[in-house]
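Peer 1: Following this message is one structure expressed as structure tokens.
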Amino acid sequence: MTTTPDVAGRTACVIGAGVIGTSWTALFLAHGMRVVVHDPRPEVVDDVPAALAEIAPTLSALGLPSGDLATGLSFEPDLGRAVADAYVVQENGPERVDVKQQLWAQVTASAPPDALLLSSSSAITATRQGMELTDAGRLLVGHPFNPPHLIPLVEVVPGERTHPDAVADAVAFYTALAKSPQVVRREVRGFVANRLQRALFAECLLLVQQGVVTVEELDDIVTSSVGLRWAADGPFRSFHLGGGADGFRGYFRQFGPGLRWAIENEERVDLDGDLEDLVVAQSEAAYGGRRGELEAERDRKQLAILRALATATTSPEES
């Protein structure tokens with residue numbers, strides 16, 4: 001059984017310091033890791049510290065150290081030197097398979113042989129990313145839900161050649177960061193969370209396209225119903241409870257025919273330019289010009305939900 005490692009003092013190389021990479025950087029630093037950032041943009045040396053300052057209040061609210069985060073931060077434009085001492089590499093490069101294959105070829109030539117090679121990719125499997133590698137045993141997907149420093153889920157998705165020990169080590173690593181790693185049993189495009197999000201969002205777009213609701217109205221509906229329900233119990237547990245004493249047997253008996261008809265006759269959204277313009281216009285009217293304010297509000301709400309869930313699932317003896 002793999003034990004949870006002590007990550008403090010270990011070195012992480014973060015490749016790509018966009019929104020996701022910077023969020024990972026903040027989380028790693030908050031857990032006492034040294035972080036080497038590799039990103040070709042010259043402005044990255046200013047952008048990352050500025051982003052750390054914005055993320056710090058959320059880290060503090062999570063109970064993590066947030067002062068002097070940049071103490072353990074360094075930048076290295078040479079990829080070989082950046083990964084030379086890495087305990088873990090978290091890749092956040094462009095969503096292009098050729099770019100990722102080239103990156104991993106360079107990484108494996110210089111990184112320690114036991115380094116964990118983790119990709120934040122939301123769609124490209126580890127098998128495809130590692131096709132050009134002689135040894136892809138330590139390569140797997142560690143896909144977060146944005147922002148990684150706050151949302152617990154990390155989808156751990158091994159490739160066809162990923163060694164089982166690497167999967168266990170990845171789960172242990174993310175657990176040490178207080179994440180909720182979930183091993184995905186089969187490689188499928190989009191993995192799990194994004195497929196669910198995409199399916200629901202397609203229906204959201206259709207309803208806006210048909211003029212049933214506006215963008216803002218739909219957001220209010222979801223946060224007052226499905227979002228609240230699924231945050232507490234998830235879809236299967238929710239519908240199991242909705243079936244009454246017979247659980248899903250009762251649910252399928254009562255709602256199965258209607259569900260089957262709806263699935264078989266499902267309308268599909270036509271994501272054309274007119275719909276894109278409509279969504280942009282409504283979103284800007286509802287939320288435009290307040291990005292910083294809305295991001296801070298998002299973090300406060302999500303922190304409140306996480307605290308409420310933790311309290312609700314703690315037995316009286318543990319509280």
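The values are calculated or read from the model by the stated rules, or taken from the named source; none is laboratory data. A quick note: this is a predicted structure, and the numbers were derived from the prediction, not measured. Ideal geometry is used to build each Cβ from the backbone, glycine not excepted, and the neighbour counts take in all protein chains shown. Note: accessible area is taken over every heavy atom of the protein model, side chains too, but ligands, DNA and RNA are not part of it. Shrake-Rupley method; radii C 1.70, N 1.55, O 1.52, S 1.80 Å.
Peer 1: Can you tell me which of (1) in contact with a helix residue (DSSP H, G or I) (Cβ under 7 Å, 6 or more places away or on another chain); (2) within 23 Å of Glu295 (Cβ to Cβ); (3) assigned to a helix (DSSP H, G or I) is the one Leu64 doesn't meet?
Peer 2: It is condition (3) that Leu64 fails.
Residues checked against (1) free of Cβ contacts under 8 Å to residues at least 24 places away in the same chain; (2) out of contact with any Cys (no Cβ under 9 Å at 6 or more places or on another chain); (3) open to solvent by less than 50 Å² (accessible area, probe 1.4 Å):
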{"site": "His149", "(1), (2), (3)": "no, yes, yes"}
{"site": "His163", "(1), (2), (3)": "no, yes, no"}
{"site": "Pro181", "(1), (2), (3)": "no, yes, yes"}
{"site": "Arg186", "(1), (2), (3)": "yes, yes, no"}
{"site": "Cys204", "(1), (2), (3)": "yes, yes, yes"}
{"site": "Val208", "(1), (2), (3)": "no, yes, yes"}
{"site": "Arg237", "(1), (2), (3)": "yes, yes, no"}
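Peer 1: Now for a separate question. Looking only at residues that are touching a strand residue (DSSP E or B) at 6+ places or on another chain (Cβ under 8 Å) and part of a loop (DSSP other than H, G, I, E, B) in segment 133-160, which one is modelled with the lowest pLDDT?
Peer 2: Restricting to residues being touching a strand residue (DSSP E or B) at 6+ places or on another chain (Cβ under 8 Å) and part of a loop (DSSP other than H, G, I, E, B), the top hit is Phe145.
Peer 1: Which one of these does Glu216 not meet: (1) surrounded by fewer than 17 Cβ atoms within 10 Å (Cβ to Cβ); (2) in a loop (DSSP other than H, G, I, E, B); (3) in contact (Cβ under 8 Å) with a residue 60 or more places away in the chain; (4) not hydrophobic (A, V, I, L, M, F, W, C)?
Peer 2: (2)
Peer 1: Tally the residues that are buried (at least 19 other Cβ atoms within 10 Å of the Cβ), within 14 Å of Gly130 (Cα to Cα) and within 22 Å of the chain's Cα centre (by Cα), restricting the search to segment 51-110.
Peer 2: Selection size over segment 51-110: 4.
Peer 1: List the pairs whose first member sits in segment 274-293 and is open to solvent by less than 60 Å² (accessible area, probe 1.4 Å), whose second member is of a type in the set (D, E, K, R), and whose Cβ atoms are under 9 Å apart, counting only residues at least 6 apart or on separate chains?
Peer 2: Once the first residue is open to solvent by less than 60 Å² (accessible area, probe 1.4 Å) and sits in segment 274-293, its partners that are of a type in the set (D, E, K, R) give Gln282/Glu216; Ser283/Glu216; Ala286/Glu216; Ala286/Asp219; Gly292/Glu54.
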